[in-house]
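Note sheet for the following structure.
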Amino acid sequence: MEEEIITSQEDAAAFLGCSQRTVVRMVQRGEMPEGFLVKKGKYTKQLWTKKQLEQVKEALQKRKEYYKKI
């Protein structure tokens, strides 16, 4: 079975319901996997599987629920 690929930080941010900057920060802090790096010419893109991002999305929702209680 082939997994769906999320092809950009913009798409990942839209899937997670956050900004691109939040995606960058989460990768830097280790809260989100870096993704597969694919180099095309002078550009490097990060790719994630939908399964990877679903785990991150679930963790974000738990964090939001936690902060609502405080």
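The values are calculated or read from the model by the stated rules, or taken from the named source; none is laboratory data. Predicted model only: the values in this text are computed from it and were never measured. In this analysis, Cβ positions are derived from the backbone assuming ideal geometry, glycine residues included, and neighbour counts consider all displayed protein chains. Note: areas computed on protein heavy atoms with side chains; ligands, DNA, RNA excluded. Shrake-Rupley method; radii C 1.70, N 1.55, O 1.52, S 1.80 Å.
Residues that are of a type outside the set (Lys, Arg), touching a helix residue (DSSP H, G or I) at 6+ places or on another chain (Cβ under 9 Å), open to solvent by less than 60 Å² (accessible area, probe 1.4 Å) and assigned to a loop (DSSP other than H, G, I, E, B) do not occur anywhere in segment 45-54.
Given the structure, is ALA59 aliphatic (A, V, I, L, M), open to solvent by 50 Å² or more (accessible area, probe 1.4 Å), at pLDDT 90 or above and assigned to a helix (DSSP H, G or I)? Spelling it out, ALA59 is indeed aliphatic (A, V, I, L, M), open to solvent by 50 Å² or more (accessible area, probe 1.4 Å), at pLDDT 90 or above and assigned to a helix (DSSP H, G or I). When we screen GLN9, GLN20 for residues that are touching a residue at least 24 places away in the same chain (Cβ under 8 Å) and surrounded by 13 or more Cβ atoms within 10 Å (Cβ to Cβ), the only hit is GLN9.
Applying the set (1) in contact (Cβ under 8 Å) with a residue 40 or more places away in the chain; (2) open to solvent by less than 70 Å² (accessible area, probe 1.4 Å) to GLY30 leaves exactly one unmet item: (1).
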